[in-house]
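This report refers to the structure that appears directly beneath it.
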Amino acid sequence: MKKQKMHIYYDPEADYLEIRFGDSTSSTYEKIGEDTFVRIDKETGSIKGYAIYNARKGSSLKNIQVEIPQDILNSVD
């Protein structure tokens, strides 16, 4: 099984956090909470990551819970 990688990017100036699973694909974003979006692969409909705005400033974001796709969990040693 090909190991999936999780990519984490944070832009402190924009206070933007992005978490992406696997390779980048053509995706759409769906709002799932205040300043929180899930990234969905256009072709497969699978979760490809999350985008969080105001990650440091947002008081409502102190406890973020997101779903990790099963294929990512399966690729962890």
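The values are calculated or read from the model by the stated rules, or taken from the named source; none is laboratory data. Worth saying up front: this structure is predicted, and the values here are computed from it rather than measured. Cβ sites come from the backbone with ideal geometry, for glycine too, and all protein chains shown count toward neighbours.
Number of residues in segment 1-19 that are in a loop (DSSP other than H, G, I, E, B), surrounded by 15 or more Cβ atoms within 10 Å (Cβ to Cβ) and modelled with pLDDT of 90 or more: the value is 1. Residue check: Leu17 meets all listed conditions (1) touching a strand residue (DSSP E or B) at 6+ places or on another chain (Cβ under 8 Å); (2) free of Cβ contacts under 8 Å to residues at least 24 places away in the same chain but one, namely (2).
Say whether the condition of being of a type in the set (Ser, Thr, Tyr), out of contact with any Pro (no Cβ under 7 Å at 6 or more places or on another chain) and either outside any strand (DSSP E or B) or modelled with pLDDT under 75 (or both) is met by at least one residue in segment 32-44. The answer is yes, given that some residue of segment 32-44 is of a type in the set (Ser, Thr, Tyr), out of contact with any Pro (no Cβ under 7 Å at 6 or more places or on another chain) and either outside any strand (DSSP E or B) or modelled with pLDDT under 75 (or both).
Considering segment 45-77, the residues that are among the charged types (D, E, K, R) and surrounded by fewer than 16 Cβ atoms within 10 Å (Cβ to Cβ) include one that is modelled with the lowest pLDDT, namely Asp77. Counting only residues that are of a type in the set (Ser, Thr, Tyr), within 18 Å of Ile68 (Cβ to Cβ) and under 14 Å from the mean Cα position of the chain (by Cα), segment 1-52 holds 8 of them.
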